Structure formats: C-alpha cells, structure tokens
Amino acid sequence: DVVEIDLVLAEHETKYNLARHTLKVIPQIESTISLMNCKEILEAGQSRFIAAAFGADDFLADFEVFRSESDKELDFSRKWFALCCHAHGVISIDTPYVQYKNPDGLNEQLEYLTSIGIKAKFAIHPS
C-alpha cells in the first residue's frame, strides 16, 4: 500500500509541477498486523511520512481486547509504536483520550506518553 500511495502522489506532484516528496502522508497504525509491520511500513514510506498515528480503539477491536480505564492493555503497543516512529524519524501521534471529562487523567496520560517517547496526541470532540 505504501508503494502504491507513493506512486499516486508522485503522479500528482508531476502533474502539478511539485518537487518530488512534497506531498506528505500520516499513516494510521490501527490493526494488529499493521502494528507488527510498523517498522517495515515506516521504512517503506519514510520519504512521505511526517508522522504516524496509533489508533488504539480499532487496534484493540482487531486484537479482541477490551479497553480498560487504565489503558494498561496498550502499554506494549504504544512503546513499540513510539520506538518504530523514532527509529524512522517520524512523529508519533497517540490515539485520542476518550475520557474527555477527566482532565487530570489526561494530564497523567500525557506525562506517561512523554516518558515512553510519544510526541503528540490527537484531540477530538466527543459528539
């Protein structure tokens, strides 16, 4: 998929007289197979990717694991994701914080994510 995306974007860059690799992509890592292949995905798309996003809810649904309030089941996955992103010079973006009425919990999670190398976090409106 990464190779195909690169080819399509290269065609558009040529069509619109843009320099090669002007158009960038942020891949979503949100399945068990994509997390296991994260290293290869990021390596293949390194010239296009400025960041990568971890989609925890889709990942856990694919993994058939329930998401707890503590997010402990995401610990290894987040660390692997952060490591892969860092190794390939890609900004790691964590999944949105779903307990939007708990700002203290968000701050605690941000401290933890920073400690394991995650560089950013998505924010969404809950409606």
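The values are calculated or read from the model by the stated rules, or taken from the named source; none is laboratory data. Everything numeric here is computed off the predicted structure, so don't read it as measured data. A quick note on method: Cβ atoms are made from the backbone with ideal geometry, for glycine too, and the neighbour counts reach across all protein chains shown. These accessible areas exclude ligands, DNA and RNA; they are computed on the full protein's heavy atoms, side chains included. Shrake-Rupley method; radii C 1.70, N 1.55, O 1.52, S 1.80 Å.
Structure shown: which of 79/121; 39/72; 24/79 lie over 20 Å apart, alpha-carbon to alpha-carbon?
39/72; 24/79
Per residue, how much space in cubic angstrom lies within the convex hull of the C-alpha atoms of the stretch 33-83?
77 Å³
No other cysteine beta carbon under 4.7 Å away is the test; run it over the chain and list who passes.
Lacking a cysteine Cβ partner under 4.7 Å: 85.
Hey, got the dipole for the stretch 8-79? About the Cα centre, +1 on K and R Cβ, -1 on D and E Cβ, debye to the nearest 20?
480 debye
Which longest run of the chain has no exposed loop site in it, a site being GluC sites (Glu not before Pro) in a DSSP loop with at most 10 other beta carbons within 10 Å, and the site itself not part of the run?
1-63
Along the principal axes of its C-alpha atoms, what lengths does the chain span, in descending order and rounded to whole Å?
Computed over the Cα atoms, the extents are 48, 28, 26 Å.
What figure in square angstrom, to the nearest 10, would you give for the accessible area of residue 67 with a 1.4 Å probe?
40 Å²
How high is the relative contact order of the chain? Use alpha-carbon pairs under 8 Å, at least six apart in sequence, and give a whole percent.
Here the relative contact order equals 22 percent.
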